[in-house]
Amino acid sequence: MSRQRKGWVLPVSVLVALLLALLPLPPLLQPLRPYWLALVLAYWVIEEPERVGLGFVFVVGLIADISFGGLLGEQALRLVVMAFILQRFRARLRFFPLSQQALALGGLLLNDRIVASAIHLAIGEPLLPWAYWWAPLIGMALWPPVFVLLDALRLGRRS
């Protein structure tokens, strides 16, 4: 079996995740926006750890901070925490069925909300409204289709 390496999938998927995060939503749906960047980077940390490490995740987080106009370093820190935990448990996660991976990712996305709340509390900004705590559940539900889509793009057709 021969497989061509598709190097374009990683940067394009990260760019699409950034664009999805910047997409305007009605105020009612804004709190339910999944953390697309975390989902995409989680896939790459699990499947291609030699290409996507903590440094890459940190740089993408800084780009996201600049793009979103938020506190510089907030998303970078949140994404690095998530990537570190994923790297630590990568060997186990790879062999979980997608439903169990989704549960694990849901826990990581919930942890991300806790880290974001701690950062906001530490700098004196108002905490996120309660509706924002639903987004990890949506991200957890989106993990299987995101994983399958990125896997199909990365691996392509096997011959």
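The values are calculated or read from the model by the stated rules, or taken from the named source; none is laboratory data. Here the structure is a predicted model, which is why all the values come from computation and not from measurement. Reconstructed Cβ throughout: ideal geometry from the backbone, glycine too, with neighbour counts over all protein chains shown. Ligands, DNA and RNA are excluded from the accessible area calculation, which covers all protein heavy atoms including side chains. Shrake-Rupley method; radii C 1.70, N 1.55, O 1.52, S 1.80 Å.
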## Note on the structure
Candidate cut points under GluC sites (Glu not before Pro) in the stretch 1-98, DSSP loop plus at most 15 other Cβ atoms within 10 Å of their own Cβ, are Glu50
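Would you mind counting up the charge near Asp65? Only other residues with Cβ under 12 Å from its Cβ, with Lys and Arg at +1 and Asp and Glu at -1. Intermediate values should be presented prior to the final figure.
On the way: positive: Arg78; negative: Glu74.
Its environment carries a net charge of 0.
If we sort 86-93, 31-38 on the protection proxy, mean other Cβ atoms within 10 Å, highest first, what's the order? List each step's numbers first, then the result.
Details: 86-93: 14.5, 31-38: 20.5.
With the highest mean Cβ count within 10 Å placed first, the list reads 31-38, 86-93.
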### Query
Hey, how many Å between the Cα centroid of the stretch 68-91 and the Cα centroid of the stretch 97-147?
12
### Query
What Rg and what Dmax come out for the chain when only alpha-carbon atoms are used, in angstroms?
15.6, 56
### Query
What is the log10 of I(q)/I(0) for the stretch 52-138, computed with the Debye formula using one identical point scatterer on each Cα and no solvent, at q = 0.22, 0.23 Å⁻¹?
-1.16, -1.21
### Message
What number comes out for accessible area per residue over the stretch 6-153 if the probe is 1.4 Å? Units Å², please.
### Response
52
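Ignoring ligands, DNA and RNA, what percent of the accessible area of the stretch 6-153 is carbon or sulfur (1.4 Å)?
Roughly 76 percent of what the probe reaches on the stretch 6-153 is carbon or sulfur.
Within the chain, which DSSP H helices have Cα atoms that stretch 18 Å or more along the helix axis and a mean Kyte-Doolittle hydropathy of at least 0.0?
Working: long enough: 9-22 (20 Å, 2.91); 54-68 (21 Å, 2.29); 74-93 (28 Å, 0.63); 98-123 (37 Å, 1.12); 135-155 (28 Å, 1.51).
Correct list, ordered by number: 9-22, 54-68, 74-93, 98-123, 135-155.
Rounded to the nearest 500, what is the chain's calculated 222 nm mean residue ellipticity when only DSSP H runs of at least 4 contribute -39500 (n - 2.57) each, over all residues? Display every interim value, and only then the final one.
Numbers: 6 runs with 108 residues, N = 159.
About -23000 deg cm²/dmol.
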